[in-house]
Amino acid sequence: MHAIRSLPMLASSCVLGLAAACADAQPQTQGSMPSTPPWQTASPWPDRIVVTLEEDPASSFSVTWRTSADVRETRAEIVLADDHARFDLGARSVPARTETPDLTRKRVDGSEYALRWNEHVDAPAYHTVTFSGLEPDTLYAYRVMGAEGHWSEWFQTRTAPEPGTPFRFLYFGDAQDGIGSHWARVVRAAFAAAPDARFAIHAGDLVNIGSRDYEWAAWFRSVGFIHGTIPALPAVGNHEYFDGLRDSDGDLVTALSVLWRPQFALPQDPSLPEAVRETVYAVRYGDALIAVLDTMADGHFDAQADWLDGVLGASDAKWKIVTMHHPMFELLERRYPEPGPERRAAFLPVFERHGVDIVLQGHDHAYGRGATMRSGARAPTATQGELGTVFVTSVSGVKMYPVSDDGWSGFAEHRAVLERTAENTPFFQVITLDGDALTYEARTATGRLYDAFRLEKQRTGPNRLVELATDFDSPRRFDNTGPYETGRFDQVPPRP
Ligand SMILES: [Fe+2]
C-alpha cells in the first residue's frame, strides 16, 4: 500500500505555510536526538563556499563563504588556472566585504521575531569577493580565507563564453526536505552526469524553513565542492520566505530568509523595488539570457513584469530562459489560495511578447513538461501546434505529491498542453545550448533519461520541438513505482 491518500491535505497546509503542518512534515526523531553536527558550526576556516554570477559573467564572478563571526576582515585570491604545479604563484589578492547577520532574530515591518531554530547556533560572518576584469571562457583558480592563514583549497571555475559557444547547465526543482539525507545523491549524480555544466539553476524551495541554519548546513554539505566550482543561480520559493512566524493577530509572517542575501551574491538592478533585491535578477550567459523571478513578491508582480519586459526587449540573446518557483500552470489539485491568475496575467503576456523559449519551475513536488501554443484553438500536442513557450515543473528532493488527473485541462484559455508527467521521482536536468538547438534532458537520481526533447530555432516563426528517445516506456506514477512515505526524511537536530 502506498501512503499517498493524505498527500493533498499535506500539500495544501504546507504550501499555505501553516506553521504546525509544515513543521510536522519535518521528521522528529524519538529517543536519542542527534546533536548539532560539527559541519554546521562556523569556525575560523571558510566553509559554505558558493560561486555566483554577476550581470556580465564573461568578465566577473562572485564567491561567498562563511566563518565564525570573529573573522571581520579577510580576502580571496585568484589566478589563471594553468598546467604547472605552482599555478598559484602570482595570484592576485582581493579584499572581501563582510556581513554578520543575526540568525536569532528577524525584523519584519518594524516588529521583531525570535528565530528559535537558531538559538543555539554560533554567530557567523559571511564574506564575499567579486572578481572582475576577467577574460571570457577562461578557467580561473581561486581560494578564500577565513581567519589569517586559514585558506580553503584552490577551486577552479570558468568564466562565461562569448555568444556562439556551446555550453550546458543544470536545473533542479525543489530540494527542500531530506536535504542532508536524500537530496545529496541527486545533486551529486547531476555533477557526475555533467561535470562541465557552467551553472546550476535552483528553482526555489532550496530548504524548508528559510532562516533555519541547519537546513542550509545540510544543503551546503550536499553540494560540497560542486558550488565552489559550478556557479549557483538560485531563485526564491515560498519556503525561503517561511520561518513559521506569526504576528500578534495569529497571521503568518512571510519575509525573506535572513540568510539569503548574506550567502548568495546576486546581481542587483537598481530599477527594481528594494523588496526584490537579489531575488529578481538577470544574467546574460553566452547565447542565453536567464531571468529569475520572485513569485512570492506578489505585491511587485507588475514591477517584475515591467522589468522583465525591458530586460528581454533589450537583449539580443538567442535563447531566452526564465526561472521562477511557482509554476505558471499547476500540476496538482489546488485547494488553497495562491495568486496563480495574477501570476499568469502579469508574466504570460511578457513571455509571449518576447518569445521566451523555456520556463524552469518548481513547487509542485511532481514532474510536468508542456508548452503553450501561439495560435490555433486546438493543438493536441506541442509538436503539432505553433509552439509558444515550454514550461517545466520539476522536483529534486524527496517530498512528492500526486499529479492531478486533469493535467492542465484547466488552462485551455492559455492554450497550454501538458506532454509528460511523473510522480514519486526526484530529477535533475541537463540543458545544452548549441547554436540553434536547445537539448533538454530530465534524468533520475540513477542517471536514467526520463524526458528529453530538442528545441530548434527556425529561420522564421516559432521554435520546433522534437521529442527524443528516453529510457522509460510509460509515465512513472505512485501506483507503478516503489512505495512512498512522507516524513522522517532527515536526522535533524531537535527543535528548541
Ligand atoms: Fe514551494
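The values are calculated or read from the model by the stated rules, or taken from the named source; none is laboratory data. Note that this is a predicted model, so its numbers are computed, not measured. Every residue, glycine among them, receives a Cβ derived from its backbone with ideal geometry; neighbour counts consider all protein chains shown. Each accessible area value is taken on the protein alone, full model and side chains, heavy atoms only, with ligands, DNA and RNA left out. Shrake-Rupley method; radii C 1.70, N 1.55, O 1.52, S 1.80 Å.
Every residue, every condition in (1) open to solvent by 10 Å² or more (accessible area, probe 1.4 Å); (2) more than 16 Å from the ligand (Cβ to nearest atom); (3) in a helix (DSSP H, G or I); (4) polar (S, T, N, Q), yes or no:
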{"site": "R168", "(1), (2), (3), (4)": "yes, yes, no, no"}
{"site": "D177", "(1), (2), (3), (4)": "no, no, no, no"}
{"site": "R185", "(1), (2), (3), (4)": "yes, yes, yes, no"}
{"site": "E240", "(1), (2), (3), (4)": "no, no, yes, no"}
{"site": "P267", "(1), (2), (3), (4)": "no, yes, no, no"}
>> Please determine whether any residue of the range 21-32 is at pLDDT below 95, in a helix (DSSP H, G or I) and small (G, A, S).
In response: yes
> Could you say whether any residue in the range 291-303 is among the aliphatic types (A, V, I, L, M) and in contact with a Phe, Trp or Tyr (Cβ under 6 Å, 6 or more places away or on another chain)?
Replying inline: yes
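When you go through D196, D88, D102 one by one, which is the residue that is open to solvent by less than 50 Å² (accessible area, probe 1.4 Å), acidic (D, E), farther than 16 Å from R48 by Cβ and not in a helix (DSSP H, G or I)?
D88
Among the candidates W219, W260, which residue alone is within 16 Å of the ligand (Cβ to nearest atom), under 17 Å from the mean Cα position of the chain (by Cα) and surrounded by fewer than 23 Cβ atoms within 10 Å (Cβ to Cβ)?
W260
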> Out of the range 34-49, which residues are open to solvent by 40 Å² or more (accessible area, probe 1.4 Å) and either free of Cβ contacts under 8 Å to residues at least 24 places away in the same chain or in a loop (DSSP other than H, G, I, E, B) (or both)?
Replying inline: S35, T36, P38, T41, P44, W45
> Hey, does the range 413-421 have a residue that's free of Cβ contacts under 8 Å to residues at least 24 places away in the same chain and in a loop (DSSP other than H, G, I, E, B)?
Replying inline: no
> Is one or more of the residues making up the range 214-228 more than 15 Å from F172 (Cα to Cα), touching a Leu at 6+ places or on another chain (Cβ under 9 Å) and aliphatic (A, V, I, L, M)?
Replying inline: no
